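*Asks:* The structure is given below, and queries will be raised subsequently.
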Amino acid sequence: MGVTDASDSRLSLLTRWVVDDLGFAGSRIEPASVDASFRRYFRLTRDADSYIVMDAPPEKEALAPFVSVAQMLKGIGLNVPLVLARDLKQGLLLLSDLGTRQYLDELREERDVDRLYGDALSALLRMQTGGDAAARALPPYDRDLLLREMQLMPEWFLGRHLKIRVGAERAMLERLFEVLVQSALGQPKSFVHRDYHSRNLLVTEDANPGILDFQDAVRGAVTYDLVSLLKDCYIAWPLERVNHWVLQHRERLLKAGFAVGADEREFIRWFDLMGLQRHIKVLGIFARLYYRDGKAGYLKDLPRVLAYTRAAAALYPETQEFADYIAARIEPQFAAAQARVLPP
């Protein structure tokens, strides 16, 4: 049995479970992916067979939501890992392996972009329409959660990363956050994956895409996953192309009998403001991942996220003052902050 670090107590626990309880003697365990949470994923191989083992420390990550949402998505015909064995008390799952062809890698090579997004949007449509009844049992993406997410930005991105002390601008941020909360709560509700983007989608030969990292699913705004996919924090596309995909998706929702707003303009506004809420949150999360958790890899994506944020804020009168604040206060500090923490 090959392992990565025998001094890792969780890995030792996982290895004993795999060998003693599941009978995988003579197999190999290697890291499978990097995660922004406390969860870890390992690839278990024996001969030609391959599996994924999820390690989720029970005091930090609950496994029950993953299992229940996996069953929900599998039940409506989506391609998600099968749960083959579980030990919820110890925080361990054995999953089917959907492969290694991450969407992000293939999109960066600009191979089959429209086909890949077409498949991802078709899967999203099925989640939002076929999963609507089951989604009613999920936690709501409510006011408290929306606000709590956005509050990460002034604390971790402004305060810790940029060294900007939030003072008089607090009132401006509160006005902005209220606009974004009201827009999100005013949208039709559906299943929301919450991280439906190129790092959580795998290119598969059958039933593309393979969908990962859905355990934090909630019931919330219809445009949230659309923003995650099309204004991806890890890869960007021209706005005209993004809006074309957005309106195509709106038409498909409309044909499926789903509420999509009064007209295209309203749907695009929902999409833009939902993106602004998400990217404000992500600015805070990516900074927190570095300063609290020691994960520096996400810092290189901050420029893309900040560009999304400023562009969206500049689109509407009620968010323009935040765009002005980004130009006047954030951008002058940003390059120096990045240089302090990223290697040359």
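*Asks:* Using Cα-only point scatterers and the Debye equation, what is log10 of I(q)/I(0) for the stretch 59-104 at each q in 0.14, 0.15, 0.16 Å⁻¹, rounded to two decimals?
*Replies:* Cα-only, vacuum Debye calculation for the stretch 59-104: -0.39, -0.45, -0.50.
*Asks:* When the chain is fully extended, how far beyond the present Cα-Cα distance does Gln320 get from Glu174, taking 0.36 nm per residue of separation? Don't jump to the answer; show the numbers that get you there.
*Replies:* Details: separation 146, 0.36 × 146 = 52.56 nm, distance 1.38 nm.
Difference between extended and current length: 51.2 nm.
*Asks:* Same structure again: At 7 Å along Cα-to-Cβ for each site, give me the label-to-label distance between Lys300 and Phe258 in nm.
*Replies:* With each label placed 7 Å out from Cα toward Cβ, I get 3.4 nm.
*Asks:* Then there is this: Set the Förster radius R0 to 35 Å, insert the Cβ-Cβ distance between Gln182 and Leu247 as r into 1/(1 + (r/R0)^6), and round the FRET efficiency to 0.05.
*Replies:* Details: r = 23 Å, r/R0 = 0.66.
Step by step, r from the Cβ atoms, then E = 0.90.
*Asks:* Report relative contact order for the stretch 201-265 in percent, whole number only (criteria: Cα-Cα under 8 Å, sequence separation at least 6).
*Replies:* 15
*Asks:* Summing Lys, Arg as +1 and Asp, Glu as -1, what charge do residues with Cβ under 12 Å from the Cβ of Asp132 carry, Asp132 excluded? Walk me through the numbers on the way to the answer.
*Replies:* On the way: positive: Arg126, Arg136, Lys189, Arg219; negative: none.
Net local charge, Asp132 excluded: +4.
*Asks:* Over all distinct alpha-carbon pairs, what is the Kirkwood Rh of the stretch 95-253 in angstrom? Write out the running numbers ahead of the final one.
*Replies:* Details: mean 1/r = 0.0579 Å⁻¹.
By the Kirkwood definition, the hydrodynamic radius is 17.3 Å.
*Asks:* Please express the Cα-Cα pair-distance distribution P(r) of the chain as a list of whole percents, one per 20 Å bin, running from 0 to the bin with the greatest distance.
*Replies:* 29, 57, 14, 0
*Asks:* Next up: Go ahead and estimate [θ] at 222 nm for the chain from helices alone: -39,500 (n - 2.57) per DSSP H run with n ≥ 4, summed, over the residue count, rounded to 500. Before the final figure, lay out the partial values.
*Replies:* Values: 13 runs with 153 residues, N = 344.
Using -39500 (n - 2.57) per qualifying helix, the result is -13500 deg cm²/dmol.
*Asks:* How long are the semi-axes of the equivalent ellipsoid of the stretch 226-344, defined as square roots of 5 times the Cα gyration tensor eigenvalues? Whole Å, largest first. Walk me through the numbers before you get to the answer.
*Replies:* Numbers: eigenvalues 183, 54, 26 Å².
They are 30, 16, 11 Å, listed largest first.
*Asks:* Can you tell which of Arg16, Arg304, Arg199 shows the greatest fluctuation in a Gaussian network model of the chain with Cα springs below 10 Å?
*Replies:* Of Arg16, Arg304, Arg199, the Gaussian network model singles out Arg16 as fluctuating most.
*Asks:* I'd like the orientation of helix 113-130 relative to the chain: the angle between its Cα long axis and the longest Cα principal axis, in ° from 0 to 90, rounded to 10.
*Replies:* Approximately 90 degrees, to the nearest ten.
*Asks:* What is the distance, in nm, between label points placed 7 Å from the Cα along the Cα-to-Cβ direction at Val19 and at Arg269?
*Replies:* Inter-label distance under the simple model: 6.2 nm.
*Asks:* A further question follows. Working from the alpha-carbon coordinates of the stretch 106-186, get Rg over Rh, Rh being the Kirkwood radius.
*Replies:* Numbers: Rg = 18.5 Å, Rh = 16.2 Å.
My calculation puts Rg/Rh at 1.15.
*Asks:* Another question, then. Evaluate the distance, in nm, between pseudo-label points positioned 7 Å from the Cα of Asp144 and of Asp47 along their respective Cα→Cβ axes.
*Replies:* 5.2
*Asks:* With axes computed from alpha carbons, what is the tilt in degrees of helix 64-75 against the longest principal axis of the chain, rounded to the nearest 10 within 0 to 90?
*Replies:* Between the helix axis and the principal axis of the chain, the angle is about 90 degrees.
*Asks:* Further, regarding this structure: Pairs of alpha-carbon atoms within less than 8 angstrom and 6+ residues apart define the contacts here; what relative contact order does the chain have, in percent? Write out the running numbers ahead of the final one.
*Replies:* On the way: 508 pairs, mean separation 53.1, N = 344.
Worked out over the chain, it gives 15 percent.
*Asks:* Can you tell me the relative contact order of the stretch 133-227? Whole percent, Cα pairs under 8 Å, sequence separation 6 or more.
*Replies:* Values: 95 pairs, mean separation 34.6, N = 95.
Relative contact order comes out at 36 percent.
*Asks:* Report the gain in length on full extension from Leu125 to Arg292: 0.36 nm times residue separation, minus Cα-Cα distance, nm rounded to one decimal.
*Replies:* Details: separation 167, 0.36 × 167 = 60.12 nm, distance 3.60 nm.
Extra length available between Leu125 and Arg292 comes to 56.5 nm.
Every read-out reported here was derived from the displayed coordinates using simple, explicitly stated rules and does not represent laboratory data. Please read these numbers as outputs of a predicted model, since none were measured by experiment. Don't worry about glycine lacking a Cβ; one is built from the backbone with ideal geometry, like all the others, and counts go over all protein chains shown.
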